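Here's the structure we're looking at; comments come further down.
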Amino acid sequence: MIEAAKKQEKKAISGRLKGLLEKVAPLQPDGAVGTVQDVTGLCVTIRGLEGFVSIGDRIAIRSRSGSLIQSEVVGFHDAHARVMAFGSLEGIGPGCEARIPLSRQSSASLGVNESWLGRVVDPLGVPMDGKGALVPALDQQPVLNSPPNAATRARLGDRIDLGVRALDAFTTCRRGQRLGLFAGSGVGKSTLLSMLARGADCDVAVIALVGERGREVREFIEDDLGPEGLARSVVVIATSDTPPLMRRDAAVSAMAIAEHFRDQGKSVLLLMDSVTRYCMALREIGLSAGEPPATRGYPPSVFAELPKLLERAGPGYPGKGMITALFTVLVEGDDHNEPVADAVRGILDGHIVLDRKIGEQGRYPAIDVLRSLSRAVPGCNSAEENRLTRQARATMATYERMADMIRLGAYKPGTEKDVDEAIRLMPQLDAFLSQGKNERSGCLDAFEQLATIMGATA
């Protein structure tokens, strides 16, 4: 009897506890709440969230006007979170509420699917083209991702037609390769990127315009890219007036979109303009968070984050697709040895140099063939094609060495056979390297034309 009474009592207590829990459940807080302590420069210090947030978490700050401003944790000071906003800090002051929902502490993600093709979005995945909302996706693609395992990721694929003769012949690219496009301002980077977006042999093109001039965005989309190029592209835009977090996320969000289509087995072309402005955004974030400046004002974190981004491009795992990537580097003052250019050149699989002097002579794209290099060339071209490019490079190098004497009339024809041959062939080589932005070429066509010029058979 006593045992039965005890069991009955335990059952009654359990029932009462269950009822209490059901009543209390709706009263549980849906997130942690803190307050703004101070605002210094681009950073906001928030107290009251200790133990709830970590680096990279998103926090919503309610401004004096009542609007919610999304921000991200970039550091800590005396256990207080230091955050930077994705929008303007106007209306934020001490005492403003800052909230992070407990159910949404994971890193940012994007709902990428086929409906994104032909669309223009901001780094948060919000449409900017006025074509309505995007179709909701079943799965979310993490914005921050690790590169594929170096020991098990696939090797480079076959060569890819980039649609530009100078590149296909002298810096031949393989699927999954990463190239840097180095140039000063106003040398034709954007036009060359539009030629690649329209003419390259790929399934999907993802274009990131990081810190671009707002005036030029529509011109690039409508005139340079055009309806044909846009139809198979996703364009991610953060103009120069946006906060540094938006400019940073333009690069990482574009990479995440490219990774989504790569994992679908597609051949993806990623065009990013420019890595330099991405690094400038990282510099603003690092300095605002309290990092010490190092090389040319760039804090150490910039050169730690750069390879994390660039290594995500390239081949995926066997059986998946590949990301062939071209990253433009804005060389300040045409200094190709400045820190960002030097770091990028050491990470990527080749570099393409655009020269201002070549552009001033009227030859576009203004590619300096002699200073450009693709590390994958020996493995994707035939022996005859490699011989052709070596012969053409030697001819152009000979002409460049004697160019001043030729212009001054100091060189006498017949003095050197190699120089005479270079003088004869350079007009044809210049015409070969010139290409209109609406003209398309392929690897085989490029080598056939080069063979004709050099007097050989491809």
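The values are calculated or read from the model by the stated rules, or taken from the named source; none is laboratory data. Remember, predicted model here, so these are calculated numbers, not experimental data. We place every Cβ from the backbone using ideal geometry, glycine too, and count neighbours over all the protein chains shown. The area values use the complete protein model at the heavy-atom level, side chains included, leaving out ligands, DNA and RNA. Shrake-Rupley method; radii C 1.70, N 1.55, O 1.52, S 1.80 Å.
Roughly how tilted is helix 417-433, in degrees to the nearest 10 and between 0 and 90, from the longest Cα axis of the chain? The angle comes out near 40 degrees. Distant-in-sequence amide contacts of Phe76, defined by a placed amide H-H separation under 5 Å and a gap of 5 or more residues or a different chain, comprise Arg82. Binning the C-alpha pair distances of segment 269-378 at 10 Å intervals from 0 yields a P(r) profile of 12, 39, 32, 15, 2 %, listed from the shortest bin outward. Compute the FRET efficiency between Ala397 and Ser240 as 1/(1 + (r/R0)^6), taking r as their Cβ-Cβ distance and R0 = 51 Å, and round to the nearest 0.05. FRET efficiency, Ala397 to Ser240: 0.85.
Can you compute the FRET efficiency between Asp201 and His336 using 1/(1 + (r/R0)^6), with r the Cβ-Cβ distance and R0 = 35 Å? Round to the nearest 0.05. Don't skip to the end; give the middle numbers.
Working: r = 29 Å, r/R0 = 0.84.
Efficiency for this residue pair is about 0.75.
Does segment 142-276 come out rounded, prolate or oblate by the C-alpha gyration tensor, with a ≥ b ≥ c the root eigenvalues, rounded set by a/c under 1.5 and, if not, prolate when a/b is larger than b/c and oblate if not? Verdict is oblate for segment 142-276.
Apply the a/c threshold of 1.5 to the C-alpha gyration tensor of segment 363-458 and tell me whether it is rounded, prolate or oblate. The shape class here is prolate. The share of accessible area on segment 347-451 that comes from carbon and sulfur is 52 percent, using a 1.4 angstrom probe. Between Arg440 and Asp223, the FRET efficiency estimated from the beta carbon spacing at R0 = 22 angstrom works out to 0.85.
Note that segment 269-277 has calculated 3J(HN,Hα) couplings of 10, 9, 10, 10, 10, 9, 5, 4, 6 Hz, one per residue in order, obtained from phi through the Karplus relation 6.51 cos²θ - 1.76 cosθ + 1.60 (θ = phi - 60°); glycine and proline are x.
Ranked from the most accessible area to the least, with a 1.4 Å probe and all protein chains present, what is the order of Lys412, Lys189, Lys131?
Details: Lys412 150, Lys189 20, Lys131 120 Å².
Correct descending sequence by accessible area is Lys412, Lys131, Lys189.
For Gly350, the residues 5 or more places off, or on other chains, whose built amide H falls under 5 Å of its own are Gly180, Arg375.
How would Leu89, Leu270 line up by accessible area, probe 1.4 Å, largest first? Before the final figure, lay out each step's value.
Values: Leu89 45, Leu270 0 Å².
Ranked from most to least accessible, the order is Leu89, Leu270.
Since only Gly226, Leu306, Pro427 are under comparison, the one whose Cα sits farthest along the positive direction of the charge dipole of the chain, derived from C-beta charges on Lys, Arg, Asp and Glu, is Leu306. Derived scalar couplings between HN and Hα for segment 382-391 equal 6, 4, 5, 5, 5, 5, 4, 5, 4, 5 Hz in order, rounded to whole Hz, by the Karplus curve 6.51 cos²θ - 1.76 cosθ + 1.60 (θ = phi - 60°), x for Gly and Pro. Between segment 372-398 and segment 155-205, the C-alpha centres lie 17 angstrom from each other. A cut-off of 5 Å between modelled amide H atoms, ignoring neighbours fewer than 5 places along the same chain, links Ser372 with Val353.
Remark: segment 193-204, residue by residue, has Karplus-estimated 3J(HN,Hα) of 4, 5, 5, 5, 4, 7, x, 5, 7, 8, 8, 9 Hz, where x stands for each Gly or Pro and the curve is 6.51 cos²θ - 1.76 cosθ + 1.60 at θ = phi - 60°.
Its Cα centre serving as origin, segment 76-214 has a Cβ charge dipole (Lys and Arg +1, Asp and Glu -1) of approximately 420 debye. Computed on segment 269-357, with alpha-carbon pairs under 8 angstrom and 6+ residues apart, the relative contact order is 36 percent.
The simple spin-label model puts a point 7 Å past each Cα toward its Cβ; for Arg153 and Ser185 those points are separated by 3.3 nm. Taking segment 373-405 and a reference point 7 angstrom along Cα→Cβ of Glu421, the backbone N atoms nearer than 13 Å belong to 388-399. For the chain, the per residue solvent-accessible surface stands at 47 Å², with DNA, RNA and ligands left out and a 1.4 Å probe. Taking 0.36 nm per residue of separation and subtracting the Cα-Cα distance, full extension of the segment from Glu114 to Ala294 would add 60.5 nm. Relative contact order, whole percent, for the chain stands at 16, derived from Cα pairs under 8 Å and 6 or more residues apart.
Kindly identify the chain as rounded, prolate or oblate by the Cα gyration tensor criterion: order the square roots of the eigenvalues as a ≥ b ≥ c, call it rounded if a/c is under 1.5, otherwise compare a/b with b/c, prolate if a/b is larger, else oblate. Don't skip to the answer; put the middle values down first.
Numbers: a/c = 2.85, a/b = 2.16, b/c = 1.32.
Taking the square roots of the gyration eigenvalues as a ≥ b ≥ c, the chain is prolate.
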